[in-house]
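Worksheet: the structure to be examined is printed underneath.
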Amino acid sequence: MYDMYALTGCSGKLGGAILKAILNYGLIPADQLVICTSSKPSDTQWDSVKSQGAQVRQSNYDDKPSMESAYSGCTKLVLVSSPRISMDFNNAPHGEGREKHHFDAIDAARKAGVDHIYYLSLAFGSDSKAGVMRAHNRTEEYLYGLKDVKFTVIREGLYNESWPLYFGNYFKLKDDPRKEVVVAGDGPINWTPIRDLGYTTALVVADSSSKYEGKTFNLSAPTATTLAEIAEIVSEVKGTQVSLKVVSREEYVRYYVEDMGMERGNVEWWSTSYDALKSNECHVTDSTLSDLLSKRGCKPRSIQETVRAMLA
């Protein structure tokens, strides 16, 4: 009897990179893949994977029966976190943030007979100060409390490609006029390329041994870089000085809400990420990603390369 893998989030960045790695490197036969999507399974974006033998099924976080149906017959579930960040705003109480989607997906998988859930978390710490991590921490705790299903928690490194989000709340690549970027804190971050996260996550999921069962670990590149160091790269590429201004969370919220016109709930939620950076939560020493890549003669693209390429 062979395993069937239910994959979620395949039209997104991380889920898409995982699916691409599985197919490009032949890690799991395509006919053992079930792509679970909130879009129509008949959409042309799925024609290629279907032609290779994968199934595509309707699955929606807001529709628990659809998830049960999509996961039916699958033994493994790769669960990408819900993108509905607004659920987390305003200090959502337990069970009402994005973890509500995750709990429903996990329960649907258990009901469908899934044997092993791979939950794709984020590379902040346990009991994190970051609002963006709250739903992840709650989901991890939920999995650890279950006795009827195996699980693996993979804390995915902060994407190289997401640096503009941390660098002053969506730094504009083409025409950002700011000479001073306001943040509410700084600290070392082990930035990691999405491509490498996709490949190494796929390697973990495809591993038929039990070495990852019941484990929580990080997939992060080995080198840490601060936002201040990114400011130096941005300045170099733009040919003009762009400096980092670290302020209090209150001043950060006031600036982005009143001066930049951003939504308060979003800004307040995001501002807590900088408390986590100041506490070194994103300075990761786990070598799992480097070990997996080095065995295959690969190494991650540096954040410096990514910043330069994106600004160019």
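Selection of the range 4-28 for residues being surrounded by 15 or more Cβ atoms within 10 Å (Cβ to Cβ) and farther than 22 Å from L122 by Cα yields M4, L23, L27, I28.
Which one is farthest from the chain's Cα centre (by Cα) among residues in the range 39-57 that are farther than 22 Å from V205 by Cα and not charged (D, E, K, R)? By that ranking, first place goes to S51.
Among the residues of the range 263-312, those that are farther than 24 Å from K129 by Cβ, outside any helix (DSSP H, G or I) and charged (D, E, K, R) comprise K295, R296, K299, R301. The residues listed here are S243, S235, S220; of these, the one that is polar (S, T, N, Q) and within 19 Å of the chain's Cα centre (by Cα) is S220. If you go through the range 73-127 and keep only what is closer than 14 Å to S59 by Cβ and of a type in the set (S, T, N, Q), you end up with just S82.
Scanning the range 134-163 for residues that are basic (K, R) and under 14 Å from S81 (Cβ atoms), which turns out surrounded by the fewest Cβ atoms within 10 Å (Cβ to Cβ)? Spell out how you get there, then give the answer.
If we filter the range 134-163 for residues that are basic (K, R), which is where we start, we get 134, 138, 147, 150, 155.
Now drop any that are not under 14 Å from S81 (Cβ atoms), which leaves 134, 138, 155.
On the way: R134: 22, R138: 18, R155: 23.
By that ranking, first place goes to R138.
Please determine whether any residue of the range 233-241 is within 24 Å of A130 (Cβ to Cβ), surrounded by fewer than 19 Cβ atoms within 10 Å (Cβ to Cβ) and out of contact with any strand residue (DSSP E or B) (no Cβ under 9 Å at 6 or more places or on another chain). Within the range 233-241, none of the residues are within 24 Å of A130 (Cβ to Cβ), surrounded by fewer than 19 Cβ atoms within 10 Å (Cβ to Cβ) and out of contact with any strand residue (DSSP E or B) (no Cβ under 9 Å at 6 or more places or on another chain).
Which ones in the range 155-180 are assigned to a strand (DSSP E or B), out of contact with any helix residue (DSSP H, G or I) (no Cβ under 6 Å at 6 or more places or on another chain) and closer than 25 Å to P300 by Cβ?
Selection gives R155 alone.
If you go through the range 201-238 and keep only what is out of contact with any Asp or Glu (no Cβ under 9 Å at 6 or more places or on another chain), under 21 Å from E161 (Cα atoms) and not in a helix (DSSP H, G or I), you end up with P222, T223, A224, T225. Here S128 fulfils each of the conditions (1) farther than 19 Å from K278 by Cα; (2) under 17 Å from the mean Cα position of the chain (by Cα); (3) in contact (Cβ under 8 Å) with a residue 40 or more places away in the chain apart from (1). Here T200 qualifies as farther than 21 Å from W270 by Cβ and polar (S, T, N, Q). From the list E99, E141, E68, the lone residue that is at pLDDT 95 or above, within 21 Å of N218 (Cβ to Cβ) and in contact with a helix residue (DSSP H, G or I) (Cβ under 6 Å, 6 or more places away or on another chain) is E99.
Put simply, of K179, K174 the only residue that is surrounded by fewer than 22 Cβ atoms within 10 Å (Cβ to Cβ), modelled with pLDDT under 95 and farther than 23 Å from V80 by Cβ is K174.
The values are calculated or read from the model by the stated rules, or taken from the named source; none is laboratory data. All values derive from a computational prediction rather than experimental measurement. Cβ atoms come from the backbone with ideal geometry, glycine included; neighbour counts cover every protein chain shown.
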